[in-house]
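We did not get these values from a lab; they are worked out from the coordinates using the rules stated. Given the structure is predicted, the values throughout are model-derived calculations rather than measurements. Note that each Cβ is placed from the backbone with ideal geometry, even for glycine, and that neighbours are counted across all protein chains shown.
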Amino acid sequence: MNKYLFLIALFGMTYMYVQAQTQQPELNSVLGGYLNVKDALVKSDSKGAAAASAVLLQTITNIDMKAIPAKDHMEFMKLQDKLEYDARHISESTDINHQREHFTNLSANMITLAKHARVSLNAIYEDYCPMKKTYWLSGDTAIQNPYFGKTMPDCGKIAGTLNPQ
Ligand SMILES: [Cu+2]
C-alpha cells in the first residue's frame, strides 16, 4: 500500500474510534428521558412528570434499533415493553403517589438496563431510598429523592456507581 494511503486510512480509523468513544450511545436518550421524569418527581411536580414521561414513552417507542450495538440491543428488547408500561402509566396520571409507584418499577428496569447495556459515556449513580426500600438512578452525586420530593429531598444514599461498559 502506498505510504500516504496508509496514513489516510490510519487517520480515518482513528477518527472513527475517537468518535465512537465521545458520542453518547443511542440508549442515552432513554436515560435522559428517565432523568427528566425523576427531576419532576423530585419537585413533586405531577404534571411535569406526566409530560416528561410522555416524552420518555415516545423515545422508547421510536428508538433507532439499528443504532444500538447487538449486545445492548438484546438487553433493551427484553425491557422495552416493561419500560413502556410504566412510562405510559406515569404519563396518563397526575396522581403523584400513583406516579411514584410506577416510578419504582421504571427505576428497577432502568437500573437493569444500565447494568447490562451502555446507556451513557459518563458514570451514573444508583441511589437508595431507605424509607421506601427502593432505588433510582441519578446523573450526579447529589441526593435528590424522587419518592418523597419536597418532604424529604435529601433522604437516601448512593448505593453504587455504574460505569459505562
Ligand atoms: Cu398505573
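What to note about this one:
- When region 110-120 is filtered for residues that are in contact with a helix residue (DSSP H, G or I) (Cβ under 8 Å, 6 or more places away or on another chain) and within 11 Å of Glu75 (Cβ to Cβ), the ones remaining, listed by number, are Thr112, Leu113, Ala114, His116, Ala117, Arg118, Val119.
- Test: residue in region 82-90 that is within 14 Å of Leu31 (Cβ to Cβ) and in contact with a strand residue (DSSP E or B) (Cβ under 6 Å, 6 or more places away or on another chain): no
- Residue in region 85-117 that is farthest from Lys66 (Cα to Cα), counting only those that are surrounded by fewer than 17 Cβ atoms within 10 Å (Cβ to Cβ) and more than 11 Å from the ligand (Cβ to nearest atom): Thr94
- Restricting the search to strands (runs of 3 or more DSSP E) fully inside region 71-162 and requiring at least 2 residues that are at negative phi and acidic (Asp, Glu) gives 124-129.
- Of the residues making up region 118-142, those that are in contact (Cβ under 8 Å) with a residue 40 or more places away in the chain and buried (at least 18 other Cβ atoms within 10 Å of the Cβ) are Arg118, Val119, Ser120, Ile124, Trp136, Leu137, Ser138.
- Qualifying residue in region 123-130 (condition: out of contact with any strand residue (DSSP E or B) (no Cβ under 6 Å at 6 or more places or on another chain), more than 16 Å from the ligand (Cβ to nearest atom) and not small (Gly, Ala, Ser)): yes
- For region 55-72, residues that are closer than 14 Å to Arg118 by Cβ, hydrophobic (A, V, I, L, M, F, W, C) and in contact with a helix residue (DSSP H, G or I) (Cβ under 9 Å, 6 or more places away or on another chain) total 2.
- Conditions (1) surrounded by fewer than 17 Cβ atoms within 10 Å (Cβ to Cβ); (2) of a type outside the set (Ser, Thr, Tyr); (3) within 15 Å of the ligand (Cβ to nearest atom): number failed by Lys71: (3)
- Selection of region 64-107 for residues being in contact with a Gly (Cβ under 9 Å, 6 or more places away or on another chain) and either without any contact (Cβ under 8 Å) to a residue 24 or more places away in the chain or farther than 19 Å from Cys129 by Cα (or both) yields only Ala87.
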